[in-house]
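Quick notes on the structure that follows.
FYI, it's all coordinate maths here, none of it is from the lab. Please read these numbers as outputs of a predicted model, since none were measured by experiment. No Cβ is skipped: glycine too gets one built from the backbone with ideal geometry, and neighbour counts run over all protein chains shown.
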């Protein structure tokens, strides 16, 4: 069955099957140990998706950058900086402030990669460190306001029709990214540039603007995730974004996006995020000693990439 | 007749169920220069890839000097004396010439590479291909395409071949180098080496080969000695049907309204004051030896190069486009079909439809959103107009044969309805049938009032297609030929800058 799927759909199908396998294994475990099936209750699943929303929004932005064959390692501190600046400003200006921080970081990353031609891995890593320094400087002398604003609390914690608002935000971001990627000239240019930058440039695509656009999207997504996460944890704090970098990259790549750019579908990233969130939660239900989940988590990522790698071998 | 050195018995190879070679019986003998002819997609590349150990046949057996062999890797084939130069150059751009030449088996001292011995070996091999001018310490990426191809030939020689396979090995060479390769092959022939020669240039095959084999649709049609068939018959064997006159007829010369005027164009030390002028409805050829500034001229006009000086007037407006985007979207649109379609012309891994639309997203969009109906109609129209033979528009463009890939590049640019079309060697490595389609297309575009400027390394093509030819030498136009003055001798003489030096 898998062999008949197109190379783009195959990783998505494999990841979806793996999600099923995680659910089945987790349920079997809870049935044996306690005789209950918490994993299959709608309430539990919605709660998982709610916590997954932060990662999902980060991964959506990261996917744009990875499609270009670049990477954005500044996500942790873009997220933290946006959140901390937003709470410091507070009030109705919190959201515009957070997005402005994301936009500024994205523009700067894009400028460095597109115009200065610095490899994104180095440049965004540097930007991440600079942002951390700036945040330490900002909070060093005095304690600024770090309480979440009412809007943050609403977006991250409230429910509409029994469904967490954060899931709606994630869904809105997903629709936006997926329309951009499939239906706009900018989205198609991202694929073209990631596939072969020289050919895209010689086709009259403004590749520098495309690169900047992708980094800006990534910055905005990280900022929005930071905004929500502040509401979820009721305050902004240093290092709040540290847990999101590797899972965001892993979700994108597990979803079948080629790490060297040019190929991948947004549905894959979505599936990848759900996979990682469920894997984490099942491992925590199993209450393994701390080292166990990390080893399993890493092994799963490497193992799945091996499976894709063998299928997606392309000769030209 | 001598025993064959390599013999195929009933070899078949399929890719995803599609036949690439079917029950092929084939033999080549020592001391021959054997041409493999056929359109793109006829199975020539598959044939030699099996011999070179890149592919393993699905059925049949291969004999080397009477023994059944099966190669697991190209390295094994090389150790058995079968050396292949592939169509895509296989040099590592960031290593030096000497590193590349000795890459598979570098001379060693105490287990480490002996650089001096390596350079000596490279120098000796380069001298054998009369390229003493190439510095063994130079990086390959700094060499022009024609020099790289000579390095590739030197590298192949260094492996001491019994069977030497040259796949389009002369496609980028200058005429002097082509002569060197001819002499070299004649010399190897005398030593009992069998050379397999794949080329789309009939006159090269004519001049060089003693045996010819024709392939079509994955089947071996016929093998015969040179002279057994006329050119027309050979072409008929290759494409399975008759072809009409090779070049479309030219219109009577008439006064033309100039659309592009270039005066004193300079760029670094590659362009040294180029003066060119083209009218609407005119096809102008750029001739000369490889690397005399033709490529740079086309790139400069398309807005790719930085720091170009001189005056350019496009339809009365002065100024050089600042980028390819500016070139294609000004009031007078300029298109460029680049030199290397695989890396500059196409996104190989992407669908055919996306490649076609890459230059024209704004024409199929409403606001920022692409209208999928409009887009698929535009794609269907473009494919029909150029008669591109494809499976589905969603297939990756790398599944197409070379000729069809080039048609996709051209179709992409026709979508923006350009006024000036620049083409850099548009028929390199393309089969006869597609070449003729491209010639006819160029003429019909010119008849519609487009201006066409094209560079070709094939003199017959320059003469057959162009209304006028500018010959470039050392970044300048040294001669402008028109009408009856456009002869092969005239172009060659101007290319070598003979008459100018004498004057």
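Odds and ends about this structure:
- Using alpha-carbon coordinates, inclination of helix B:175-190 to the longest axis of chain B, degrees: 10 degrees
- Take every pair of alpha-carbon atoms less than 8 Å apart whose residues are at least six positions apart; their mean separation over the length of chain A yields a relative contact order of 33 percent.
- The range B:6-239 - share of DSSP beta bridges that are antiparallel (%, nearest 5): 60 percent
- Considering all C-alpha pairs of the protein assembly as shown, those separated by over 53 Å amount to 24%.
- Distance distribution P(r), the range B:27-86, all Cα-Cα pairs, bin width 10 angstrom from 0: 20, 55, 24, 0 percent.
- By the helix-only formula, in which each DSSP H run with n ≥ 4 contributes -39500 (n - 2.57) and the sum is divided by residues, the protein assembly as shown has a 222 nm mean residue ellipticity of -15000 deg cm²/dmol.
- Gyration tensor (alpha-carbon) shape descriptor, the range B:162-226, a/c threshold 1.5: oblate
- Springs join every pair of Cα atoms under 10 Å in this Gaussian network model of chain A, and among A:177, A:167, A:118 the largest mean-square fluctuation is at A:118.
- Test item: A:8-17 mean partner chain Cβ contacts at 10 Å: 0
- Gaussian network model of chain A, springs between alpha carbon atoms under 10 Å - residue of A:173, A:130, A:252 with greatest fluctuation: A:130
- 10 °C / 1.306 mPa s Stokes-Einstein diffusion coefficient of the range A:86-173, Kirkwood radius on C-alpha pairs, µm²/s: 103 µm²/s
- Three-way shape call for chain B based on the alpha-carbon gyration tensor, with the a/c threshold at 1.5: prolate
- Relative to the current alpha-carbon distance between residue B:233 and residue B:210, full extension at 0.36 nm per residue lengthens the span by 6.6 nm.
- Shown is the FRET efficiency for residue B:306 and residue B:139, computed with R0 = 30 Å from the Cβ-Cβ distance and rounded to the nearest 0.05: 0.85.
- Within 10 Å of each Cβ in A:177-189, the average number of Cβ atoms from other chains: 4
- Percentage relative contact order, chain B, counting C-alpha pairs under 8 Å, at least six apart: 15 percent
- Once C-alpha pairs closer than 8 Å and six or more residues apart are averaged by separation and normalised to the residue number of the range B:309-434, the relative contact order reads 36 percent.
- Computed label-point distance, nm, for sites residue B:95 and residue B:381 using a 7 Å Cα→Cβ extension: 5.0 nm
- Inter-centroid distance (Cα atoms) of the range B:58-120 relative to the range A:265-285, Å: 46 Å
- The order of the peptides B:410-416, A:280-286, A:268-274 by mean Cβ neighbours within 10 Å, most packed first, is A:268-274, B:410-416, A:280-286.
- Protection proxy ranking for B:278-291, B:21-34, B:179-192, A:206-219, using the average of other Cβ atoms within 10 Å per residue and placing the highest first: A:206-219, B:278-291, B:21-34, B:179-192.
- Note on B:349-359: average number of Cβ atoms from other chains within 10 Å of each residue's Cβ is 5.
- Applying 1/(1 + (r/R0)^6) with R0 = 60 Å to the Cβ-Cβ distance of residue B:23 and residue A:138 gives a FRET efficiency near 0.20.
- Value of D in µm² per second that Stokes-Einstein yields for chain A, Kirkwood Rh from Cα pairs, at 4 °C (1.567 mPa s): 64 µm²/s
- Global form of the range B:185-291, assessed from the alpha-carbon gyration tensor, a/c cut-off 1.5: oblate
- With Cα atoms, 0 to 90° folded angle of helix B:115-128 axis to chain B main axis: 80 degrees
- Distance in nm between pseudo-label sites at residue A:176 and residue A:88 (7 Å out along the Cβ direction from Cα): 2.4 nm
- Cα centroid of the range A:1-71 to Cα centroid of the range B:209-234, whole Å: 59 Å
- For the pair residue A:29 and residue A:259 in one chain, pulling the backbone fully straight at 0.36 nm per residue adds 79.4 nm over the alpha carbon distance.
- Candidates A:104, A:291, A:176: whichever shows maximal mean-square fluctuation once chain A is modelled as a Gaussian network with Cα springs under 10 Å: A:291
- Distance histogram in 5 Å bins (all Cα pairs of the range B:6-239, percent per bin): 1, 7, 14, 18, 19, 16, 12, 8, 4, 1, 0, 0
- On Cα atoms only, tilt of B:432-447 relative to the major axis of chain B in degrees: 10 degrees
- Calculated SAXS-style log₁₀ I(q)/I(0) at q = 0.20, 0.23, 0.24, 0.25 Å⁻¹ - the range B:341-417, Debye, Cα scatterers: -0.77, -1.02, -1.10, -1.19
- Inter-part distance where the range B:287-302 and the range B:181-199 are each reduced to a Cα centre, Å: 32 Å
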